[in-house]
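Working notes, beginning with the structure itself.
The values are calculated or read from the model by the stated rules, or taken from the named source; none is laboratory data. Since the structure is predicted, the reported quantities are computational estimates derived from the model, not experimental observations. All Cβ positions, glycine included, derive from the backbone under ideal geometry; neighbour counts span all protein chains shown. Ligands, DNA and RNA are stripped out before the accessible areas are found, and what is left, the full protein with its side chains, is counted by its heavy atoms. Shrake-Rupley method; radii C 1.70, N 1.55, O 1.52, S 1.80 Å.
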Amino acid sequence: MAFQASYKSSAWKWLGFVTAVWVQAISGNNYTFSNYSDALKTLMNLTQLQLNNLSVAKDIGKAFGLLAGLASDFFPSWVLLLIGSIEGVIGYGAQWLVVSERIKPLPYWQMCIFLCLGGNSTTWMNTSILVTCIRNFRRNRGPVSGILKGYVGLSTAIFTDLCAALFSDSPSQFLLMLAIIPFAVCLTAVFFLREVPDSVSASQEKEETRYFTVFNSVAVVVAVYLLAYDFIGSSNQVFSLVFATVLLVLLASPLVVPAYAFLKSWQLGGAETDVERQEPFLRKEIVPAEKEAAAADQIVVAEGEAVVKRKPMIGEDHTIFEALWTLDFWVLFVSFLCGVGTGLAVMNNMAQIGLALGHADVSIFVSMTSIWGFFGRIVSGSASEYYLKKAGTPRPLWNAASQILMAVGYILMALAVPGSLYIGSIVVGICYGVRLAITVPTASELFGLKYYGLIYNILVLNLPLGSLLFSGLLAGYLYDAQATPTPGGGNTCVGSHCYQLVFIIMAIACAVGFGLDVLLAIRTKDFYAKLFSSRKSKKLAATTSEKS
């Protein structure tokens, strides 16, 4: 029966979403470089510039995410997951062999290649997950992006805390985890993650919102649990095993949602209901006056009866070339660069920033950046969706708020006030998380879903580009200029002056990003107002239909 079949389809969709959450919970390995960078620097006798360029090689792997974007238009999600997981085994496996000293340190250029492979592995996973889930949940893109990107943020803390609990922060064991665990999780996801025909009734849409509340609640519990462990620490082996077991149970707990949906589908039967086929979320509502304008934009050649169609408007499906010819795309691209580029510089250099400011162990700062990044992602994803539905608030305004807050955080770290690294890791984590969670649905709303996989990966080019500019060049050169050479060819720097100028320049970059985000919000406010009006009218129509 139609209603029962719809609920079975919904149950499979939620099961796929749970596996997507698991994949995202292990696909943030690109942000864990600080956990083993010191081991690489010591074993290979690297300067800070050379070490930073290794981190850039890792992030350059993201540039090849364009391949994943192209592949998403031709291959099912499970193929992308397999490719990503195999790349991860090769990339992180080679690093593990070096750090564990099972083989001699490889030549520098070979290490760059293996770091690039490890970095590229996540682009296949993320593309598969985001494209599939946003298409499956078109009416809740904010919460979907917030939850999935939130777990990417948490993945750094999950790996870091599990390694601390089970292997006493061993860099070699950490890399072994990065190689094996993502591969195992992706092998599970290939059986359940797939696009499901999007059919939803008004009652199911409300239920969808309740389910997302469950996912948000579980994610918050996981984040708080990890944060508590960071402050309590491991006291003995039994405590560590209990921590790891409870964490795995919490990560498995979202399975209650698809289990409940399957149970409900089996219990339902009998009467059919008004299952309405969901139309594209950004389908253009054209009033008569707009129809005339659209007709005027078309040129008809009588002899060949050819029609040259108008350029797509904001909110309609854009090809990648059509998107690249719009000012809005480049405003979003550059503002994204200012946020994620500077954030990556802090994450990649956290080990050296910590040492410069007098902290021998920086694992807590790596973990805190991850956890607070989660809160930034999950809160901004849900909040932006709420205010979009309630008042038509443009999503880019959330990016603008994150940019100005990030600039303040960098200024505090430049001044090296007491506790500045604690404050900085929290602020950078939150704002970096907001940028990722908001940009994902914003791009899909402005440029459509048809070619979203490729458009998303073009935006993600900001990760290697930002890493090169702010981490490899800016932080690397300025640190080496202040550092003292050490025996064997490396160097070190202690004191607030080591990164002071770096933080000041990054604060200026964030101020530029703030201005660009405000500009984008102004340029798109009419689109978001129409989107708000369209959704409001559909909701009223659905309510009236149910009452009648």
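Summary table below
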item: Accessible area of the chain belonging to carbon and sulfur atoms, whole % at 1.4 Å probe; result: 68 percent
item: Gain in span if fully extended, VAL417 to ALA391, counting 0.36 nm per residue against the direct Cα distance; result: 5.4 nm
item: Label-to-label distance, nm, for residues given as SER496 and GLN267 (7 Å Cα→Cβ offset); result: 6.1 nm
item: Those residues of the range 19-35 whose amide nitrogen sits under 20 Å from the label point placed on ASP480, 7 Å along Cα→Cβ; result: 34
item: Additional length obtainable on full extension of the chain from SER533 to ALA244, 0.36 nm per residue less Cα span; result: 99.3 nm
item: FRET efficiency estimate (nearest 0.05) - Cβ-Cβ, ASP526 to PHE321, R0 25 angstrom; result: 0.55
item: Whole-Å distance, taken between Cα centres, linking the range 57-74 and the range 452-504; result: 23 Å
item: Once exposed loop GluC sites (Glu not before Pro) are cut out (DSSP; at most 11 other Cβ, 10 Å), longest piece of the chain; result: 306-548
item: Unit charges on C-beta of K, R, D, E only; dipole of the range 298-434, Debye; result: 360 debye
item: Residue-span extension gain [PHE75 to HIS359] - 0.36 nm each, minus C-alpha spacing; result: 97.6 nm
item: Under 5 Å, built H, 5+ apart or other chain: amide partners of ASN491; result: GLN48, THR486
item: Computed label-point distance, nm, for sites SER100 and PHE231 using a 7 Å Cα→Cβ extension; result: 3.6 nm
item: Cross-link table LYS58/LYS389; LYS450/LYS530; LYS264/LYS450; LYS206/LYS530; LYS13/LYS58; LYS311/LYS525, entries beyond 30 Å C-alpha to C-alpha; result: LYS58/LYS389; LYS264/LYS450; LYS13/LYS58
item: Mean accessible surface per residue for the chain, computed with a 1.4 Å probe while every protein chain stays in place, in Å²; result: 40 Å²
item: Spacing of the two label points (7 Å from each Cα toward its C-beta) at VAL214 and VAL256, in nm; result: 0.8 nm
item: Top positive-direction residue, dipole computed over the chain with Cβ charges, set TYR432, TRP109, ASN30; result: TYR432
